[in-house]
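The values are calculated or read from the model by the stated rules, or taken from the named source; none is laboratory data. Small disclaimer: the values here were computed from a predicted structure and weren't measured. A quick note on method: Cβ atoms are made from the backbone with ideal geometry, for glycine too, and the neighbour counts reach across all protein chains shown. For the accessible areas, the whole protein counts, side chains as well, though only heavy atoms, and no ligand, DNA or RNA atoms are used. Shrake-Rupley method; radii C 1.70, N 1.55, O 1.52, S 1.80 Å.
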Amino acid sequence: MEKARPLWANPLQFVFACISYAVGLGNVWRFPYLCQMYGGGSFLVPYVVMLIVEGMPLLYLELAVGQRMRQGSIGAWRAISPYLSGVGVASVVVSFFLSMYYNVINAWAFWYLFHSFQNPLPWSRCPLNGNRTGYDQECELASSTQYFWYRKTLNISPSIQESGGVQWEPALCLVLAWLVVYLCILRGTASTGKVVYFTALLPYCVLIIYLVRGLTLHGATNGLVYMFTPKVEQLANPKAWINAATQIFFSLGLGFGSLIAFASYNEPSSNCQRHAVIVSLINSSTSIFASVVTFSIYGFKATFNYESCVNRVILLLTNSFDLEDGFLTASNLEQVKGYLASTYPSRYSEVFPQMRNCSLEAELDTAVQGTGLAFIVYTEAIKNMEVSQLWSVLYFFMLLMLGIGSMLGNTAAILTPLTDSKAISSRLPKEAISGLVCLISCAIGMVFTTEAGNYWFDIFNDYAATLSLLLIVLVEIAAVCYVYGLRRFASDLQAMTGHPLNWYWKVMWAGVSPLILISLLLFYLSDYVLTGTLQYQAWDAAQGQLVTKDYPTYALAVIGLLVASSTMCIPLLALVAFILRCLRRGGDTASEA
């Protein structure tokens, strides 16, 4: 394995590549949601515990395997045992699924970035209807930010059955996103190593700028108080612990083969243990830091919406009861409402249906994650800021850097095994292999730019890399500890790095981490069984909101194929290896006879 293999220019490039890959959109749009759902500050307790007993050990294991075997995921696991090549193939399949849909997020970020230079921002107000006599009805029923997302960006269909045609504007943005990724991976570690400095560092610069801005916004403290107020009773909620473990697992990007691929370009003597600890801590710290930024913005949005609601009620009551301007205020509103209801019951009952129940707590309780947080909630807050174009450009540029950084890891997981294969690399140069992978992924990704594309995006996002990854990493850890042998692996690590393997890592690898993975697998399997018919959220233009619908039979078949196509690689290729070995033995016996 000590052949002329490309290496990182220095250890810092490798660390930045891992950080750029691990620190992604999940840190910005899922961790804050989990904090909101599971007890604010108290969610940090299960999160930190799972980081110690699951995140760090599994990250160290993958980095150590890549650095020891000096190959991509397929070659690394085949080197451990010929029956395990299916583990590497499963990782490549999952990474391919991920790259197909993940880059669509970058396409959306490009779309919003281009529109961020308009004044006013196109999602800041509703467009006029066809008769130009009022605002568009769908937009009025929803909101200007939801309308821009569902109608202008996605042009979404009412259901997954109505696929519609490819939307050319998002399609062009997707082509641009893949072109950027191709230019970044064109020359392997030589180009990726330079790009990761930007994709790893620039999001932090933007987050710091946003933090300073967020803390100065009116109502920011409401969001921060909401985030850090612990709900201790949530510590007894098993779902809080399960979601903490899941978040750690997926935010580090375990099981895709990207970390193994990155580590395979390390010097064999590199201290991968230190790298694993550094990357884990930076990734988790970024989640907490991004949550502070998000909740300061969230507090501003909630406060703005609450005060706007109160002002509308004040205006309605002032006009309806001919009250003196300035008499009604937020502080005496409830008291005056009670007085008006008792003094003028008939008139108050006429006005009452037009009044909204304004509540700051209800605004803060609205839990949103994923694309809803990134492209609706954040844009809702940005449009109400001063110099909104500047904050919009910064925000979507940050999303792009996070997305591209993760894509570099995803494509490395696919390309490294391909370029390691003599059968492929002897026929095609590295640039051509990279180009073909990008071209195929982009062509298939066009499905996500159709009118029903967002529904297919949700299917891939929810099912392509959930059960599969848990199973892959469980087999990985079992392979190292019980096939290759933990003592043998510890001896290899000591020979490479010069440091003996600590007892902590041995205990985690041999017992604690596998038990957590098995628990997560059982939880997800039981959750799918108990859920019954799988459902999705469809956009209803007539109501201006999402409605729940059942997946059609063919969509359920696709979900089954997504899970099976990766997980079945492990037993099928093990069976093929066994049959080939039996045939060789039979041939050797026949030749001897």
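Please report the spacing between the Cα centers of the range 488-517 and the range 387-422 in Å, no decimals.
Between the Cα centres of the range 488-517 and the range 387-422 lies a distance of 31 Å.
Once neighbouring chains are kept in place and the probe is 1.4 Å, which whole percent of the accessible area of the chain is contributed by carbon and sulfur?
63
What residue among Leu534, Pro571, Leu522 has its Cα farthest toward the positive end of the dipole of the range 511-593, where the charges are +1 on Lys, Arg and -1 on Asp, Glu, each on the Cβ?
Sorting the options by dipole projection puts first Pro571.
Counting other Cβ atoms within 10 Å, which chymotrypsin sites (Phe, Trp or Tyr not before Pro) in the range 327-379 have at most 16 and lie in a DSSP loop?
Of the chymotrypsin sites (Phe, Trp or Tyr not before Pro), the ones in loops of the range 327-379 whose Cβ has at most 16 other Cβ atoms within 10 Å are Phe327.
Mind checking which aspartates and glutamates have their Cα closer than 13 Å to the Cα of Lys152? Skip sequence neighbours fewer than 8 apart in that chain.
Asp136, Glu138, Glu169, Glu451
Mind putting a number on the dipole of the chain about its Cα centre? Charges go on the C-beta only, +1 for Lys and Arg and -1 for Asp and Glu, and I need it in Debye to the nearest 20.
1960
How big is the chain along each principal axis, measuring the range of its Cα positions in Å and listing the largest first?
Principal extents (largest minus smallest coordinate, Cα): 108, 50, 46 Å.
Quick one: check the C-alpha center-to-center distance for the range 253-299 versus the range 179-201, whole angstrom.
If we compute the Cα centre of each part, the gap is 17 Å.
Mean Kyte-Doolittle hydropathy of 0.5 or higher plus an axial Cα length of 24 Å or more: which whole DSSP H helices in the chain meet both?
Helices meeting the criterion: 85-115, 168-185, 189-215, 272-320, 388-420, 513-531, 569-592.
Considering only DSSP states other than H, G, I, E and B, which trypsin sites (Lys or Arg not before Pro) in the range 305-393 qualify as loop sites with at most 13 other Cβ atoms within 10 Å?
Arg356
Mind jotting down a quarter of the surface of the convex hull over the alpha carbons of the range 458-593, in square nanometres, one decimal?
Its average projected convex-hull area is 14.5 nm².
Using only C-alpha atoms and all pairs of different ones, pull out the Kirkwood radius for the range 128-254 in Å with one decimal.
About 20.5 Å for the range 128-254.
Which order do peptides 9-15, 315-321, 94-100 fall in by mean Cβ count within 10 Å, highest first?
94-100, 9-15, 315-321
Report, largest value first, the span of the C-alpha coordinates of the range 330-478 along each principal axis, in whole Å.
So the three principal-axis extents are 89, 42, 31 Å.
What full-extension length gain, to one decimal in nm, is calculated for Thr133 and Val576 as 0.36 nm per residue of separation minus the Cα-Cα distance?
The span from Thr133 to Val576 would gain 152.6 nm if fully extended.
About its Cα centre, how strong a charge dipole does the range 466-593 have in debye, to the nearest 20, once Lys and Arg get +1 and Asp and Glu get -1 at the Cβ?
400
From the C-alpha gyration tensor of the range 260-351, pull out the three semi-axes of the equivalent ellipsoid (sqrt of 5λ each), sorted largest to smallest, in whole Å.
Gyration-tensor ellipsoid for the range 260-351: 61, 11, 10 Å.
Consider a paramagnetic label point 7 Å from the Cα of Ser191 along Cα→Cβ; state which residues of the range 423-465 have an amide N under 13 Å from it.
Output list for this probe position: 430-439.
How big is the range 404-503 along each principal axis, measuring the range of its Cα positions in Å and listing the largest first?
Extents along the principal axes, in whole Å: 55, 36, 24.
Taking a quarter of the surface of the Cα convex hull of the range 297-395, what do you get in nm²?
That works out to 7.8 nm².
Considering only DSSP states other than H, G, I, E and B, which GluC sites (Glu not before Pro) in the range 103-167 qualify as loop sites with at most 14 other Cβ atoms within 10 Å?
Glu162
When N is the residue count of the range 394-445, what does its C-alpha Rg come to as a fraction of 2.2 N^0.38 Å?
Ratio of Cα Rg to 2.2 N^0.38 Å: 1.37.
Among 253-261, 39-47, 567-575, what's the highest-first ranking by average C-beta atoms within 10 angstrom per residue?
Descending mean neighbour count gives 253-261, 39-47, 567-575.
So between Glu307 and Trp168, what do we pick up on full extension, going 0.36 nm a residue minus the alpha carbon distance?
Gain on stretching Glu307 to Trp168: 46.1 nm.
Using amide H atoms built 1.01 Å from N in the peptide plane, name the residues 5+ places from Tyr135, or on other chains, whose amide H lies under 5 Å from its own.
Here Asn129 satisfy the definition.
7 Å from Cα along Cα→Cβ at both Leu486 and Ser320: what's the point-to-point distance in nm?
Spacing of the two 7 Å Cα→Cβ label points: 6.9 nm.
Could you sort out which of Lys231/Lys337; Lys239/Lys506; Lys194/Lys422 sit more than 31 Å apart by Cα distance in this structure?
Result: Lys231/Lys337 exceed 31 Å.
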